[in-house]
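Please read the structure below before turning to the comments.
The values are calculated or read from the model by the stated rules, or taken from the named source; none is laboratory data. Small disclaimer: the values here were computed from a predicted structure and weren't measured. A quick note on method: Cβ atoms are made from the backbone with ideal geometry, for glycine too, and the neighbour counts reach across all protein chains shown. What goes into the accessible areas is simple: the full protein's heavy atoms, side chains included, and nothing from ligands, DNA or RNA. Shrake-Rupley method; radii C 1.70, N 1.55, O 1.52, S 1.80 Å.
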Amino acid sequence: MSSIESRDDRHGSADTVAGFLAVGSIVLSAIAIGGGLILQLDAHPARLSLVAIVASLVSARMSAHYQSLALKAALFAMVAFVVGMTLAVITKHPLI
């Protein structure tokens with residue numbers, strides 16, 4: 001064992017930003033899926049979920065370390081799009 005860290009164990013600033021983007025994507029998806037209705041926010045599921053998908057894809061491209069989190073964020077954003085649009089139509093809230 002040596003006292004020098006290997007290059008794979010260290011995380012750079014791009015990894016940190018990618019992690020925050022993936023988590024931000026999950027938060028936007030949670031608001032789009034119906035959290036905006038619960039919190040009395042003027043949530044538009046079409047806008048929020050599409051921005052969440054783009055943020056998760058950027059996060060996946062930015063860092064190899066957080067690609068699995070970005071994949072989960074993208075899948076959650078896709079589900080949030082479908083459920084959020086369905087809830088918005090049922091409750092007669094604006095879509096876009």
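For the chain, return all DSSP H helices satisfying: extent of Cα atoms along own axis at least 27 Å; mean Kyte-Doolittle hydropathy at least -0.5.
67-90
Express in % the proportion of alpha carbon pairs of segment 44-96 at distances exceeding 12 Å.
61 percent
So, with a 1.4 angstrom probe, what is the percent of accessible area on the chain that is carbon and sulfur?
69 percent
Report, largest value first, the span of the C-alpha coordinates of the chain along each principal axis, in whole Å.
Principal axes ranked by extent give 63, 20, 17 Å for the Cα atoms.
Work through the residues other than Val54 whose Cβ is under 13 Å from its Cβ and net out their charges, Lys, Arg +1 and Asp, Glu -1.
Its environment carries a net charge of +2.
In Å², what does the accessible area per residue of segment 38-96 work out to with a 1.4 Å probe?
Solvent-accessible surface per residue comes out at 66 Å².
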